[in-house]
Amino acid sequence: MRTVVLLLTVCVLLAAQAPKGRDPLPNEQWVSLFNGKDLTGWIQVGKEKWTVEDGTIHGQGVTKEYGYLMTEKDYRDFWLSLRFKCEADGNSGVYVRTRFKPGTVEIAQGVQFEIDRTPNRHTGGLYGDGRGWIAWPSPEYEYVIRPTDWNDFLLKVEGNHFVAILNGIKVLDFTDPSPRSSDGAIALQLHSGGEGNMRFKDIYIRDLSRR
């Protein structure tokens, strides 16, 4: 039922954004990044376990290293809508404008929207690009996450402006005065330590990139 509601919402947004009398331009359309059947369009980085189960992407930490599932395509500016569920404790996140050092799981560039169901771990906060924490939500937003249920995550990345909306609540609205990354892939993360156990589904993107 939630999937139907999400699809209807996407259709309404699309209809509202496209001027009457013509078809929407490519960057006005929401496009699915996950077909619910396999990992077409995605690249595994590292040795963690990424599978498709019951229409979801299931990421499991099986080593002590980091693991990522990265889009084949790069995105500069975009809105990304997805749903995630934390199956266990452990850190995760969504990296944007990301590059990896060849043949490794080491991030060369990119920032992460944090996911962690443990309180005071700043879900929705921005981390990375060699700077550690860049921005995190105010304390009143630490309990917006649903620790054992599905969460709705809308991420807006436009220039140096980053917005995270978690379960309908804007938990981060940050303009970066000194951004270091401007283009790259989107990557789902499993943190090192072998504790990651995450599910993702209903992944849609509205690509605003101008090239």
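Just a few scattered comments:
- Helix 2-17 axis, angle to the chain major axis (alpha carbon atoms, nearest 10°): 50
- Straight-line reach from Lys49: taking Cα to Cα under 29 Å and skipping same-chain neighbours fewer than 8 places apart, the lysines in range are Lys37, Lys64, Lys73, Lys85, Lys101, Lys156, Lys201.
- Only Cα sites of the chain enter the Debye sum here, all with the same form factor; the resulting log10 I(q)/I(0) across q = 0.15 1/Å is -0.95, listed in q order.
- Fewest-first sequence of His122, His161, His58 by Cβ atoms within 10 Å of each Cβ: His161, His58, His122
We did not get these values from a lab; they are worked out from the coordinates using the rules stated. Here the structure is a predicted model, which means the values were calculated and not measured. FYI the Cβ positions are ideal-geometry reconstructions off the backbone, even for glycines, and counts take in every protein chain you see.
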